[in-house]
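Student: Below are the structure tokens for one structure; questions will follow.
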Amino acid sequence: MPALVRTDDVRRQNTRLIIQVLRRYGCVSRTEIVEHTGLSPATVSTITSTLITDGLLLSRSELGHSQEAVNRRGRPRVTLSLNPQIGCIVVIVLSINKLTAWLQDYSGQVLAKAEEHFESRAASTEDFEHYLLRAVTRLMSQQGANPIPLRYISVGVQGVVDAGGQTMLWSPMTMLLNLPLGAMLHKAFNVPVWVANDCNMAAEALHWQDSQRFGDDFAAILLGSGIGMGLVLKGRRFIGRQSSAAEFGHMVHVIKEGALCRCGQYGCVEAYVGDYAIWRRVSGLPETSPPVSEIDPVAMIELARRAHEQEGIEREAYREAGRALGNALRSLFALIDPITLAFIGGGVRAFDLMEPEIRNALRHNGNMLEASDVNLYCYEDSQALIHLGCAMTTLQTLDRTLGVGE
């Protein structure tokens, strides 16, 4: 019996590996699947034949006019692709004053996109429900005469989510607490719904894009209107016992009489690193003044430009942000040891000004391990990563729901 279970586990793993290749590369031949996965031709042939029989894969013959086709004496190239008619998903990303949603088929192809701009901090529970339901309805209505059935909805949010992935417990985008986003969408569309922290989804995307660089132990740190972290340890996304946790931005940087954070506390890392914190410092406002609700990205680009051009308060604001980041990372590394870090979001435009301060702080790591030479990477487009992480995680969940590889 143990040998049989192990064989089933291997087959399930190999099946999901093949599905992953098809999502990543689109139409590919069995030979290309062998090259990408390292599986034997016999294994690939057996698994793909089963998936075709089950209706999950489509097979197509292609007779091209390339030299390769001539060399093969006209034999058509058979390519495989995921069947888009299996079902579709909707991915929603919620941030301050903005909702973006995508409709994607089973292969991961984007079919439609929608955006909503609204005053999120003034919005009621009913308003959030209205905008969410309207976005999904609009996307589904764009499919035409032969709609693909909706199978799953995922929501990536800027804020803290319950461990069960259904409720947004707290977010800087709203004054509301415990928003039941999952229940709202499930009631309206009768499909499974999953709610996730946006930084966790960015971490999933980095692993999907480059598993060599972002493998078993790394963190994705969002630098923008807020500061967040997606943490992966020993190959598993870290979440808390009750919530999405890893609220790196709300670790304490200054214990007494610190700067006011958007969360209402004083001395948080975010109160020195977030866009509003840097803007507050450059504007000459007291550290205890309320954070502005939203800053025009163009204004932050201009601020970073000035910081690069000459010494002044702009450059010092980014250096202070680097010191806050470095001290917080030093504390984190004392707990988990140094790991690879990816910084994402608009704040990376001035990362070169923060990096020396970060590395200087990491030279004095509490567990005596050298951390000042830890690998640091930057990615400015945070929304693209959050979207990709949500989409791939949701499609993999859908695979399990459909019993793929069982």
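The values are calculated or read from the model by the stated rules, or taken from the named source; none is laboratory data. Since we're looking at a predicted model, the values are computed, not measured. Reconstructed Cβ throughout: ideal geometry from the backbone, glycine too, with neighbour counts over all protein chains shown.
Student: Scanning for something in a loop (DSSP other than H, G, I, E, B), loosely packed, with under 15 Cβ neighbours inside 10 Å and on the phi > 0 side of the Ramachandran plot, does region 183-199 turn up at least one residue? Even if it seems obvious, please write down each step before you answer.
Tutor: Narrowing region 183-199 to residues in a loop (DSSP other than H, G, I, E, B): 190-192.
Remaining after also requiring loosely packed, with under 15 Cβ neighbours inside 10 Å: 190.
The next check asks that each one be on the phi > 0 side of the Ramachandran plot; those that pass are 190.
The answer is yes, given that some residue of region 183-199 is in a loop (DSSP other than H, G, I, E, B), loosely packed, with under 15 Cβ neighbours inside 10 Å and on the phi > 0 side of the Ramachandran plot.
Student: Check off (1) part of a loop (DSSP other than H, G, I, E, B); (2) at pLDDT below 95 for Leu285 and give me the number that stays unchecked.
Tutor: (2)
Student: Now, a different point. Cβ-Cβ distance below 8 Å, separation of 6 or more or different chains: which pairs start in region 374-394 with a residue that is on the phi > 0 side of the Ramachandran plot and end on one that is part of a strand (DSSP E or B)?
Tutor: Matching pairs, first to second residue: none at all.
Student: Residue check, Glu204 against (1) touching a residue at least 60 places away in the same chain (Cβ under 8 Å); (2) surrounded by fewer than 17 Cβ atoms within 10 Å (Cβ to Cβ), all met but one. Which one?
Tutor: Failed condition: (2).
Student: Follow-up. All but one of (1) in a helix (DSSP H, G or I); (2) within 18 Å of the chain's Cα centre (by Cα); (3) not aromatic (Phe, Trp, Tyr) hold for Val155; which doesn't?
Tutor: The failed condition is (1).
Student: With respect to Gly228, determine if the residue is surrounded by 14 or more Cβ atoms within 10 Å (Cβ to Cβ) and closer than 30 Å to Thr393 by Cβ. First the steps, then the outcome.
Tutor: Values: surrounded by 14 or more Cβ atoms within 10 Å (Cβ to Cβ): yes; closer than 30 Å to Thr393 by Cβ: yes.
For Gly228, the condition - surrounded by 14 or more Cβ atoms within 10 Å (Cβ to Cβ) and closer than 30 Å to Thr393 by Cβ - is met.
Student: Can you name every residue in region 287-340 that is under 27 Å from Ser120 (Cα atoms) and of a type in the set (Val, Ile, Thr)?
Tutor: Across region 287-340, the qualifying residues are Thr288, Val292, Ile295, Val298, Ile301.
Student: Now a separate question. Among Arg262, Arg280, which is the only one that is in a loop (DSSP other than H, G, I, E, B), among the charged types (D, E, K, R) and buried (at least 19 other Cβ atoms within 10 Å of the Cβ)?
Tutor: Numbers: Arg280 fails: in a loop (DSSP other than H, G, I, E, B).
Unique residue meeting the criteria: Arg262.
Student: Restricting the search to region 1-53, which residues are surrounded by 12 or more Cβ atoms within 10 Å (Cβ to Cβ), of a type in the set (Ser, Thr, Tyr) and in a loop (DSSP other than H, G, I, E, B)?
Tutor: Residue satisfying the conditions is Ser29 alone.
Student: Within region 307-351, how many residues turn out to be closer than 25 Å to His207 by Cα, surrounded by 22 or more Cβ atoms within 10 Å (Cβ to Cβ) and touching a His at 6+ places or on another chain (Cβ under 8 Å)?
Tutor: 2
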